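Below: the structure, in structure tokens.
Every number here is computed from the coordinates shown, using simple stated rules; none is lab data. In this text the structure is predicted, and so the values were computed from the model without any measurement. Because the Cβ atoms are built from the backbone with ideal geometry, glycine has one as well, and the counts that use them run over all protein chains shown.
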RNA sequence: GCCCGGGUGGCGGAAAUGGUAGACGCGCAGGACUUAAAAUCCUGUUCCAGCAAUGGAGUAUGGGUUCAAUUCCCAUCCCGGGCACCA
């Protein structure tokens with residue numbers, strides 16, 4: 001028998017799979033239950049696939065293969081998220097036009113992906129930068145536009161000075177650009193948004209979603225729902241209504257001043273002549289401070305008095321109105337009531353500017369004002385709920401009750417109301433970059449903003465040669481007269497195209513709808529088809545997308561649902577995140593120079609060994625630091641497996657092997673289902689070791705080959721053929737097991753004396769307590785320890801333990 | 001600061017519901033085969049003492065509950081991730 005030749009075997013089967021179209025899916029098949037197994041698609045920049053990609057894709061594919069063997073009709077597509085910065089920056093760097101470099105890189109990635117041995121249906125591929133795809137991205141935009149969910153507005157937005165484009169809030173991390181790490185600045189620009197915030201409440205509903213708790217929590221925090229009240233503070237001179245939002249209206253009697261954000265629209269009106277200079281200087285100063293600095297909690301608070309006073313509606317008291325940059329203009333009403341005694345930020349501010357303090361909440365232990373003041377001197381503001389004091393008729397109430405009562409009382413005078421706020425803001429989707437789907441809108445001097453009619457889609461992205469990003473807040477497309485100048489679709493007169501392109505997250509917010517329909521030319525997707533195939537049954541990808549892609553895609557799908565285009569609200573029923581693969585503790589990337597290429601390992605050991613090694617590292621969700629030292633173990637295992645299958649045995653291994661196999665079938669299935677491939681592989685090793693020693697018959701060999709098929713598809717295919725079975729193993733079904741044979745008739749259990757193990761006994765699983773105790777006492781070492789005292793208690797947990805308590 | 005995870009041999013990691021801690025693999029040590037090496041096979045491998053039987057300690061640290069704790073409770077430390085002036 002020859003040693004296993006991995007490279008030859010893998011080449012042979014990859015060729016055969018392709019020739020026989022083994023992985024093409026009949027979407028109309030109604031005999032089998034469908035299973036949509038989806039992995040987040042890659043950006044085809046210049047990077048080749050590294051070990052991190054394999055760590056993600058190979059187990060995802062093993063899962064898909066497992067589901068196919070379980071009898072499902074599995075759709076497992078892959079595509080390329082080819083618009084956007086990674087591709088464009090690569091093109092700029094290499095001087096090759098993205099149209100060309102994308103084609104090359106996609107081609108190269110396909111070769112690499114095929115070497116892994118996936119069951120991808122290559123006929124269903126999508127490439128987001130191709131016109132037959134982005135035509136429908138533009139169509140999506142138009143549907144939102146029609147419903148008023150897409151609009152242009154002038155606003156302070158995040159600007160990345162390095163990438164020279166605006167960014168969505170989700171793409172700013174710690175005040176830095178998510179792509180390049182440059183510090184983000186603010187710019188006042190007119191930009192396109194999707195009305196994401198209007199979906200905040202819907203996005204908070206995770207009903208029926210099998211998602212990691214952590215991911216749901218992250219989205220909940222990002223959406224940031226808060227329930228409170230809006231209160232009107234009247235200003236007499238000049239007359240104005242100042243509206244504030246608070247979750248702590250119970251502390252209203254402790255409000256000793258108010259604060260507006262520097263950008264608040266009433267600032268100019270409320271600033272008195274005497275204060276004008278100070279205020280203007282202050283606003284000028286805050287503009288220069290970056291967002292990171294401004295949002296830092298450590299930074300000392302600054303502010304300036306406007307000269308005006310507002311009336312606290314609950315007690316008629318006049319309080320000074322200040323301006324400070326610790327108040328954010330885009331949240332709530334951009335103005336707050338300040339209660340220094342019960343809010344950390346207000347406390348720090350009031351101390352600095354020597355503003356008044358009044359204690360209005362006592363803790364639940366009924367401490368009075370004196371005790372609370374002493375507490376605050378030591379610990380700062382008391383921010384918990386408590387019992388109201390110094391609060392007129394409300395004194396003595398709990399915070400929770402007072403919030404309702406005070407709001408209701410003021411509401412009757414139209415001075416307050418209940419209000420819910422969200423941190424989630426609208427999705428800024430326009431980008432001042434070349435490599436994206438053009439926004440299908442035309443600006444006409446006569447008709448104004450006019451959407452491009454659906455029949456005129458796609459608005460083709462022109463192949464311009466100079467697409468370097470610009471500093472003036474305009475897209476490089478604005479330089480292309482040919483693109484820019486057009487006729488107004490409404491009046492036929494001269495008009496100009498919108499030259500911004502769409503955020504690539506728009507492209508990826510709907511691609512899962514396109515896979516089953518990727519060849520349709522008259523619509524983005526067929527309703528019957530997507531209603532049949534979606535939601536995605538299993539979605540696999542990185543946790544870094546929790547508050548970006550995974551929010552955008554849910555939003556887009558919900559919009560499609562609300563517009564009647566699809567019947568399902570949520571796009572992804574079940575979600576699993578792979579862990580991160582690091583190299584010496586750092587995230588693997590080409591730019592860091594620590595990306596490990598899988599090619600060398602695949603060449604030496606084969607794809608099967610390499611993918612099993614990645615799976616053997618630990619649970620899929622954990623990731624880990626890359627280290628190749630253990631790969632020989634998997635290589636040896638494959639060799640052993642190969643020998644076992646090819647060897648003729650005198651014995652069928654008997655009861656031991658039969659039970660071992662049944663246990664293995666059970667364990668492999670349940671572990672694969674929770675992505676614990678590491679223990680699946682370990683269990684296979686154990687069984688192979690056992691069978692190699694004791695012998696095995698052909699029928700059991702066939703079961704074993706089917707069990708390893710999802711993990712080592714090439715090896716399995718070859719063994720399947722050797723055993724004389726019909727191509728292909730992936731359609732041979734998943735072996736069944738006999739529950740009775742997974743339970744041993746006898747077990748070895750420990751015997752404890754006073755909690756310490758003093759021996760073990762082999763005993764029937766269903767043995768009676770009497771028998772167990774008797775056998776335990778018969779153990780020499782146990783008997784020795786029992787003699788040290790008198791037995792006061794005897795414990796027997798069948799199949800687990802015998803215990804004695806001796807005194 | 002707040003909210004989640006997590007801390008187990010030299011290493012990666014196993015251990016539903018509390019019940020013989022360390023499966024499986026790597027590495028290491030000894031042995032077999034070989035002129036030799038590699039490959040392969042066998043044996044051992046948590047630490048300490050002992051030739052061994054066995055005894056003691058042991059799942060970040062300190063307490064607690066229990067006949068019995070990696071698992072449950074309290075406190076502390078460390079690491080990773082997320083959020084971070086959201087009123």
> Under 16 Å from a point 7 Å along the Cα-to-Cβ line of residue A:356: which residues of the stretch A:371-415 have their amide N that close?
Replying inline: A:390-392
> How big is the gap, in Å, between the Cα center of the stretch A:124-148 and the Cα center of the stretch A:571-606?
Replying inline: 31
> If each residue's Cβ is checked for other Cβ atoms within 10 Å, how do A:577, A:676 rank with the fewest at the top?
Replying inline: A:676, A:577
> Tell me, what is the FRET efficiency for residue A:584 and residue A:93 to the nearest 0.05, using R0 = 22 angstrom and their Cβ-Cβ distance as r?
Replying inline: 0.30
> Does anyone have the angle between helix A:654-673 and the longest principal axis of chain A? Alpha-carbon axes, 0 to 90°, nearest 10?
Replying inline: 10
>> Using the basic label-point model (7 angstrom from Cα toward the beta carbon), what is the residue A:449 to residue A:694 distance in nanometres?
In response: 7.3
> For the stretch A:673-807, what class follows from the C-alpha gyration tensor (a ≥ b ≥ c being the square roots of its eigenvalues): rounded when a/c is under 1.5, otherwise prolate if a/b is larger than b/c, else oblate?
Replying inline: prolate
>> Could you work out how much longer the chain between residue A:227 and residue A:364 gets when fully extended? Use 0.36 nm per residue separation minus the Cα distance between them, nm to one decimal.
In response: 47.1 nm
>> I'd like the orientation of helix A:399-411 relative to chain A: the angle between its Cα long axis and the longest Cα principal axis, in ° from 0 to 90, rounded to 10.
In response: 40
>> Taking 8 Å as the Cα distance limit and 6 or more residues as the minimum spacing, I'd like the relative contact order of the stretch A:8-81 as a percentage.
In response: 47
> Quick one: length gained pulling residue A:604 to residue A:797 fully straight, 0.36 nm per residue minus the C-alpha distance?
Replying inline: 64.4 nm
>> Between 0 and 90 degrees, rounded to the nearest ten: what's the tilt of helix A:276-288 against the longest Cα principal axis of chain A?
In response: 20
> Which FRET efficiency, nearest 0.05, do residue A:201 and residue A:8 yield, Cβ-Cβ r, R0 56 Å?
Replying inline: 0.45
> To the nearest Å, what is the center-to-center distance of the stretch A:32-70 and the stretch A:222-248, using C-alpha atoms only?
Replying inline: 50
>> If each DSSP helix of 4+ residues adds -39,500 (n - 2.57) and the sum is divided by the residues in chain A, what number results at 222 nm, nearest 500 deg cm²/dmol?
In response: -10500 deg cm²/dmol
> So what is the relative contact order of the stretch A:398-538, in percent, for Cα pairs below 8 Å that sit 6 or more residues apart?
Replying inline: 24
>> How far apart, in nanometres, would the label points at residue A:209 and residue A:466 be if each is projected 7 angstrom from Cα along the Cα-to-Cβ direction?
In response: 4.6
> Given 0.36 nm per residue, what is the gain on full extension from residue A:100 to residue A:777 after removing their alpha carbon distance, in nm?
Replying inline: 235.7 nm
> Given Cα pairs under 8 Å that are at least 6 residues apart, what percent is the relative contact order of chain A?
Replying inline: 14
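Shape of the stretch A:1-72 from its Cα gyration tensor (a ≥ b ≥ c, root eigenvalues): rounded if a/c is under 1.5, otherwise prolate when a/b > b/c, or oblate?
Verdict is oblate for the stretch A:1-72.
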>> For chain A, I need the span (max minus min coordinate) of the C-alpha atoms along each principal axis, in Å, sorted largest to smallest.
In response: 104, 87, 47
>> Can you classify the stretch A:685-762 as rounded, prolate or oblate using the Cα gyration tensor, where a ≥ b ≥ c are the square roots of its eigenvalues, rounded means a/c under 1.5, and otherwise it's prolate if a/b beats b/c and oblate if not?
In response: prolate
> Going by how many other beta carbons lie within 10 Å of each one, how would you line up A:650, A:280, fewest first?
Replying inline: A:650, A:280
>> Just want the ordering: A:439, A:581, from fewest to most Cβ atoms lying within 10 Å of their own Cβ.
In response: A:581, A:439
